[in-house]
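K.L.:
Below you'll find the structure I mean.
The values are calculated or read from the model by the stated rules, or taken from the named source; none is laboratory data. Model, not experiment: these values are computed from the prediction. Methodologically, a virtual Cβ is constructed for each residue, glycine included, from the backbone with ideal geometry; neighbour enumeration extends over all protein chains shown. For the accessible areas, the whole protein counts, side chains as well, though only heavy atoms, and no ligand, DNA or RNA atoms are used. Shrake-Rupley method; radii C 1.70, N 1.55, O 1.52, S 1.80 Å.
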Amino acid sequence: MKWLTAALAGLALCLLIYAGTAFSSLASLVAAARSGDADEVLARTDLPRVRHALVDQLVDAYLRRLGRERPIKPFERLAINTFGASLADDLAAKLMTRDNVAVLLQTGTVRSNVELGSIPPLADLDLSDIPAIIGRLVLVKPVEFSLRLGASRDAGSISMHFSGNGWRLSAVNLPSTMLAKLVERLPTR
């Protein structure tokens, strides 16, 4: 009976450390976003992963725009990611720069020559309201979680991924209205 109690206590301690490191990294990212310091935000961001996540979002929105809502086969996905994603990648590279990621997290908008809309800023997240934060969290994988930024499901979210020495921003998931405006800039053929 003592070993069971010790094992459960050890498991509880591991879960507490796991959740604590995730919350601490989230708090650091929120603080960096509030200050608007692009270098601090970049230190807590996996920028290539953020760009790749945006390309995936753009490709999916592009396919929905073209009316192809059926499941995509692996070969088709490979072809789209090879050829179609090159256009989306150029757009993502322009939008997800070091400075634009910091501005997006601080203000909820992206600097662009076209009005794209906005998401609730990460800088406005109230870290003292733990139940609200827990209600917005979704565990994607054991090493990745997503946090919805607003009350509605289509408000946008961020994802953080555990890599090496801590949790880092791995995706900014844009609302469908912003994605639709971005996809309008891509050619239909």
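K.L.:
Would you point out which residue out of Ser35, Ser28 is among the hydroxyl-bearing types (Ser, Thr, Tyr) and either touching a Lys or Arg at 6+ places or on another chain (Cβ under 7 Å) or buried (at least 19 other Cβ atoms within 10 Å of the Cβ) (or both)?
P.N.:
Ser28 is the lone residue from the list that is among the hydroxyl-bearing types (Ser, Thr, Tyr) and either touching a Lys or Arg at 6+ places or on another chain (Cβ under 7 Å) or buried (at least 19 other Cβ atoms within 10 Å of the Cβ) (or both).
K.L.:
So Leu11 clears everything in (1) of a type in the set (A, V, I, L, M); (2) open to solvent by 60 Å² or more (accessible area, probe 1.4 Å); (3) within 14 Å of the chain's Cα centre (by Cα) except one condition, right? Which one?
P.N.:
(3)
K.L.:
Would you check which residues across the stretch 81-95 are among the small types (Gly, Ala, Ser) and either at pLDDT below 70 or more than 22 Å from the chain's Cα centre (by Cα) (or both) and list them?
P.N.:
If the condition is that a residue be among the small types (Gly, Ala, Ser) and either at pLDDT below 70 or more than 22 Å from the chain's Cα centre (by Cα) (or both), then Gly84, Ala85, Ser86, Ala88 are the ones that fit.
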